[in-house]
Structure formats: structure tokens, C-alpha cells
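The values are calculated or read from the model by the stated rules, or taken from the named source; none is laboratory data. Here the structure is a predicted model, which is why all the values come from computation and not from measurement. Ideal geometry is used to build each Cβ from the backbone, glycine not excepted, and the neighbour counts take in all protein chains shown. Remember, those area values only see protein heavy atoms, side chains included, never the ligands or the DNA or RNA. Shrake-Rupley method; radii C 1.70, N 1.55, O 1.52, S 1.80 Å.
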Amino acid sequence: MRILAIESSCDETAAAVIEDGRKILSNIIDSQVETHALYGGVVPEIASRGHMQAVVRVTEAALREAECTRDDIDAVAATCAPGLIGAVLVGANFGKALALSLGRPFLPVHHIRGHIAANYLAYPELEPPFLTLVASGGHSLLVMVRGYTEFEIIGGTRDDAAGEAFDKTARVLGVGYPGGPKIDALAQKGDPKKYKLPQSHVKDAPLDFSFSGLKTAVINLAHNAGQKGEEIDRASLAASFQAAVVETLVPRLGLAVRQTGAKHLVCAGGVAANSALRAALQNLAEAERCKLYLPPLALCGDNAAMIGAQAYYEYLAGNLGASGQNAYATAEITENLCRKRG
Ligand code: KG4
Ligand code: ZN
């Protein structure tokens with residue numbers, strides 16, 4: 001089964017053709033990052049307009065690269081939640097209209113389910129159940145994936161997502177947008193033990209965490225140094241911050257492994273590209289004798305291939321979008337987008 005998938009939830013317009021949920025026939029990503037970098041972050045209306053301008057071109061490129069015509073496509077999928085709503089609506093509505101014009105099913109996909117499914121494309125043997133750490137720009141979650149469309153949230157952030165914390169710290173350090181890759185690169189040259197930064201603990205919820213205290217500590221440190229006219233060691237602050245994020249996420253995943261008895265670990269989302277996080281996850285997997293699945297770097301960030309992978313399993317579960325299918329700015333990973341109201 002060939003699925004044409006569209007992704008437009010943030011600042012990447014992407015289209016891909018995926019066969020049976022596992023094989024990438026094409027994967028086109030048109031990034032608006034240079035436009036948004038001028039503003040230091042994503043400007044929602046500019047993102048929506050950018051998707052509108054790019055979506056036809058990107059879709060045609062995906063069909064061309066897959067050596068497919070529209071008639072070869074068995075279903076059309078699109079991210080329908082969560083994300084910047086104006087941006088999501090462009091891809092979702094385009095996907096729905098394309099499905100209608102071809103007389104094929106439309107498959108609404110949850111973006112975070114897609115991030116997890118990126119691993120199905122890289123690892124043919126990977127099947128649920130497995131335990132997942134989701135760390136993206138908008139979400140940080142510990143999720144037990146019981147089946148391809150069956151999820152249980154067992155922990156998560158009480159405030160900022162990990163990627164958001166990276167992006168905010170990058171702004172404070174003046175390294176620009178998007179922050180994650182820039183902090184990762186800067187941290188290579190720094191000492192992760194130089195600055196003492198706080199760890200978060202949520203009372204009576206050992207699998208939950210928070211990044212707001214860490215973010216405030218970095219802001220205060222930079223501000224105080226600025227007032228005293230002192231130079232901060234930006235590379236070491238980046239490294240100390242990155243180490244604090246890793247120290248927040250990885251031990252909680254370890255606790256979740258011991259609580260659930262999981263033997264298979266998956267990481268998903270943009271922050272899964274982080275070099276320190278990947279190294280710490282390898283160590284954890286060895287210590288806990290688990291098999292670890294890390295998405296290849298090219299599939300960590302937003303792409304449509306991952307949406308096409310998840311869409312296949314949504315199709316098998318009968319989750320077809322009706323003509324009135326809506327899109328949503330927020331939706332839990334546990335929610336079935338075909339049945340969501342409003
Ligand atoms: O998953 P994603 O592409 O978007 C959402 O679904 O939210 O994640 C984007 C996030 C951004 O916050 C970006 O700064 C972060 O992932 N990111 C990284 C790295 N590469 C991307 N964070 C840390 N280290 C990286 N190497
Ligand atoms: Zn994403």
C-alpha cells in the first residue's frame with residue numbers, strides 16, 4: 001500500500017511516499033528555517049503562508065522522486081494535530097482535498113505518533129510494545145507504546161518541552177534559531193561541570209519533570225554576569241545546560257524501564273538528534289540490558305515520511321478521516337483524531 005503523506009505542523013513543508021508503513025519511496029522537506037531565523041523563532045502566520053506556497057510543489061516533488069503518478073497512491077495522510085493551527089490546517093486541508101479528488105481514503109495523523117513511527121522506517125524489526133522517550137520542540141513525554149495505535153502516557157513535563165528549553169537557552173546565549181543544534185555544537189567546546197544548574201523534581205510524581213527552573217537559572221546566570229560586566233563561558237554554559245536536560249530525562253526513562261519491565265527503548269522527536277542525549281541513552285540501554293532504537297538524524301526532525309509510516313497503521317486500525325475531519329492545535333497522543341469532537 002502506497003501512502004502519500006503531508007506534514008505542515010510547524011516550519012517544514014514536507015511530503016513523502018511510503019510503502020506499507022516501512023519503506024521510504026520519497027521524502028521531501030522544504031524548510032522555512034531561514035525565514036524564521038530573522039525573527040528568532042517561528043512566526044505562525046508566515047509559516048502558514050509559506051506552507052500554502054510550498055505544498056503543491058513539495059507534493060509533486062515527492063511523487064516524482066517516488067516515480068509514482070497520483071493514480072498509484074492508495075491513500076493520502078496528513079498531520080492533523082498538534083501544531084501551529086494555521087500551519088496544520090494548510091497541510092490537512094490540502095491532503096483531504098487531494099484524497100477527495102483521487103477517490104482515496106484520507107488518514108489524519110497525530111504528529112507525535114509520527115515522530116515515534118520514524119523508527120519503523122529505520123528498524124524493520126521494531127514492533128510494539130516498547131517504551132518511548134519523546135523529546136521534541138513542543139512535547140516531552142514518557143510513553144508506553146502498547147500497539148501501533150495504542151499509547152499510554154506514563155510521565156512528562158509539567159511546563160516547557162525539552163526542545164523549547166534548548167531554544168530559549170539558545171536565545172539567552174545569543175546563538176540564534178533553531179537553538180537545539182547550535183547548543184549541541186557549542187557544548188562540544190565547553191565543560192559540562194562548570195556551572196551548577198538545578199534539577200527538577202515533581203513531588204509524588206517521579207516520572208514527571210519540569211524545565212522552567214533550569215531555564216530561569218540560565219537566564220539569571222547570564223543576566224547577573226551581564227550586570228557585573230563579567231564574560232560568561234558560553235560553551236560551558238551550553239554544555240552544563242545540555243547535561244542538566246540529559247540528567248532530567250535519562251534517569252526518568254531508567255526508572256520507567258524498571259517500573260514497566262520494558263526491554264525495548266525508543267527515542268523520538270527533534271531533540272533525539274542531540275549528541276549528549278544519544279550517548280546517555282546508549283549507556284542507559286547497556287546498563288538496563290535493553291535494546292535501544294534511535295532515529296537516524298535525518299528522521300529526528302519534522303518530516304512527512306514518519307507521518308506516512310504511522311498513517312499505514314492508522315489505516316489498518318480503521319482510523320479513516322470522514323469528510324468533516326477537523327485539525328487541532330492540541331491533542332493528546334492517546335486521542336483518536338477521527339473521533340475527536342470540535
Ligand atoms: O520534533 P521537532 O522537529 O518539532 C516538534 O515537533 O516540536 O523538534 C524541534 C526541536 C527544536 O526545539 C530544536 O531546537 C530541537 O528539536 N533540536 C535539538 C537538536 N536538533 C533539534 N535539540 C537539541 N539538540 C539537537 N541536536
Ligand atoms: Zn515534530
Calc'd 3J(HN,Hα), region 252-260, phi into Karplus 6.51 cos²θ - 1.76 cosθ + 1.60 (θ = phi - 60°), Hz, glycine/Pro = x, comes to 5, 5, x, 5, 5, 4, 5, 6, 9
With a 1.4 angstrom probe the carbon and sulfur portion of accessible area for region 134-254, in percent, totals 51
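Taking 0.36 nm per residue of sequence separation and subtracting the Cα-Cα distance, how much length would be gained by fully extending the chain between E45 and L102, in nm to one decimal? All intermediate terms of the calculation are to be shown ahead of the outcome.
Details: separation 57, 0.36 × 57 = 20.52 nm, distance 2.94 nm.
Here the segment from E45 to L102 would lengthen by 17.6 nm.
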Restricted to the chain, the DSSP antiparallel beta bridge percent, nearest 5, is 60
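Can you pick out the pairs among K196/K228; K203/K228; K194/K228; K189/K228; K168/K203 whose Cα atoms lie more than 29 Å from each other?
Beyond 29 Å: K203/K228.
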Straight-line reach check, K291, cutoff 23 Å on alpha carbons, 8 or more apart in-chain or any other chain, hits among lysines -> K23, K263
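Run lengths n ≥ 4 of DSSP H only: what is the helix-derived mean residue ellipticity at 222 nm for the chain, with -39500 (n - 2.57) per run over all residues, to the nearest 500?
Roughly -14000 deg cm²/dmol at 222 nm, from the helical runs in the chain.
What number, in percent, do you get for the relative contact order of the chain if the mean sequence gap of Cα pairs under 8 Å and at least 6 apart is divided by its residue count?
On the way: 767 pairs, mean separation 82.3, N = 342.
It comes to 24 percent, rounded to a whole number.
Pull up the DSSP beta bridges for region 53-168 and report the antiparallel fraction as a percent, rounded to 5. Don't skip to the answer; put the middle values down first.
Numbers: 12 of 17 bridges.
Approximately 70 percent, going by the DSSP bridge assignments.
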For region 296-306, in residue order, the Karplus 3J(HN,Hα) values (coefficients 6.51, -1.76, 1.60; θ = phi - 60°; whole Hz; Gly and Pro = x) are x, 3, 5, 10, 6, x, 5, 7, 8, 4, 5
Probe 1.4 Å, heavy atoms of protein chains only: per residue, the accessible area of region 1-54 in Å² is 43
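How much area per residue is accessible in region 205-342 when the probe is 1.4 Å and only protein heavy atoms are counted (Å²)? Walk me through the numbers on the way to the answer.
Working: 5900 Å² over 138 residues.
Result: 43 Å² per residue.
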Taking placed amide H atoms and a strict 5 Å upper bound, the residues 5 or more places from S140 or on another chain that come that close are T157, A162
The lysines whose Cα lies under 19 Å from the Cα of K340, excluding any fewer than 8 residues away in the same chain, are K96
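Counting only GluC sites (Glu not before Pro) that sit in a DSSP loop (anything but H, G, I, E, B) with at most 12 other Cβ atoms within 10 Å, what is the longest stretch of the chain containing none of them? Mind showing how you got there, number by number?
Values: sites that count: E67, E125, E230, E231.
It runs 232-342.
How big is the C-alpha Rg of the chain next to the rule-of-thumb value 2.2 N^0.38 Å, as a ratio?
Working: Rg = 20.0 Å, N = 342, 2.2 N^0.38 = 20.2 Å.
Expressed relative to 2.2 N^0.38 Å, the Cα Rg reads 0.99.
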